[in-house]
1. May I ask you to work out the translational diffusion coefficient for chain A at 25 °C, viscosity 0.890 mPa s, via Stokes-Einstein with Rh from the Kirkwood sum over Cα pairs, reported in whole µm²/s?
2. Cross-link candidates for B:Lys55: which aspartates and glutamates have Cα within less than 14 Å, leaving aside residues fewer than 8 places away along the same chain?
3. Over the stretch A:16-81, what relative contact order in percent results from Cα pairs under 8 Å that are six or more residues apart?
4. Would you tell me the mean number of C-beta atoms belonging to other protein chains that fall within 10 Å of each C-beta in A:103-112, as a whole number?
5. If each Cα of the protein assembly as shown is one equal point scatterer, what is log10 of I(q)/I(0) from the Debye formula at q = 0.12, 0.13, 0.14 Å⁻¹?
6. Calculate the mean, over all residues of peptide B:34-46, of how many other protein chain Cβ atoms lie within 10 angstrom of the residue's Cβ.
7. Sort out for me the Cα centre separation of the stretch A:1-50 from the stretch B:15-68, rounded to whole Å.
8. Let a ≥ b ≥ c be the square roots of the eigenvalues of the Cα gyration tensor of the stretch B:16-102; is it rounded (a/c under 1.5), or, if not, prolate (a/b larger than b/c) or oblate?
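Taken together, the values in this text are just the output of simple stated rules run on the coordinates, not laboratory data. All values derive from a computational prediction rather than experimental measurement. Note that we place each Cβ from the backbone using ideal geometry, even for glycine, and neighbour counts take in every protein chain shown.
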Amino acid sequence: DTGVSQDPRHKITKRGQNVTFRCDPISEHNRLYWYRQTLGQGPEFLTYFQNEAQLEKSRLLSDRFSAERPKGSFSTLEIQRTEQGDSAMYLCASSFRGSSDEQFFGPGTRLTVL
Amino acid sequence: SQKIEQNSEALNIQEGKTATLTCNYTNYSPAYLQWYRQDPGRGPVFLLLIRENEKEKRKERLKVTFDTTLKQSLFHITASQPADSATYLCALVGGATNKLIFGTGTLLAVQP
């Protein structure tokens with residue numbers, strides 16, 4: 001197992017376009033998190049999946065954002081009608097419920113909205 | 001609302017010295033607290049977890065303390081090396097989903 005992977009690593013898009021990011025967690029991990037990080041700040045929680053169920057969404061997650069985790073494996077995060085304020089690093093993390101709850105982070109997707 | 005504060009200024013120390021990073025929190029009573037390391041352009045990497053009933057935790061050159069009365073955690077790196085230079089993030093574990101609530105991080109620079 002090579003850890004959590006994210007694709008793409010970088011995405012440049014024009015304002016108003018839709019973008020989709022993918023996260024592949026560690027295979028036996030049933031918990032999956034999305035965070036957003038802007039320069040000079042710590043990551044901020046966006047949403048949480050336990051298996052395929054989306055159990056928590058942050059108030060930061062406007063209705064332009066949607067996330068899925070079909071079959072409880074990989075997850076996608078879609079942003080519709082992107083705005084310049086969406087520019088950030090989008091991080092995915094996974095963990096195994098019942099463990100010490102340390103989260104394993106992917107390398108992130110850097111989004112730049114022009 | 002919950003607030004987590006870390007040293008806002010970068011911390012510059014000489015190789016071989018002990019680095020001490022501070023994490024203070026308000027309006028929260030976490031069951032446990034985690035520390036992560038983040039290098040530029042990469043995701044955070046877990047370092048240590050300390051529970052509310054533990055005063056101190058050690059791992060190699062790392063030591064974490066947790067004072068629930070002061071609402072503070074201290075993170076120490078002894079015999080620091082230039083390779084320890086990175087941003088260190090404190091995170092409280094929030095709610096039933098165990099989502100992480102991060103501080104802003106402290107940038108540590110160890111000079112050779």
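1. Values: Rh = 14.1 Å.
The Stokes-Einstein estimate is 174 µm²/s.
2. B:Asp67
3. Values: 118 pairs, mean separation 24.8, N = 66.
Value for the stretch A:16-81: 38 percent.
4. Details: counts 11, 4, 8, 2, 3, 5, 0, 1, 0, 0.
Averaged over the peptide's residues, the number is 3.
5. -0.66, -0.77, -0.89
6. Working: counts 4, 0, 5, 0, 6, 0, 0, 6, 6, 16, 10, 4, 8.
Mean shielding count: 5.
7. Taking the Cα centre of each part, the stretch A:1-50 and the stretch B:15-68 sit 24 Å apart.
8. On the way: a/c = 2.12, a/b = 1.37, b/c = 1.55.
Note, shape of the stretch B:16-102 comes out oblate.
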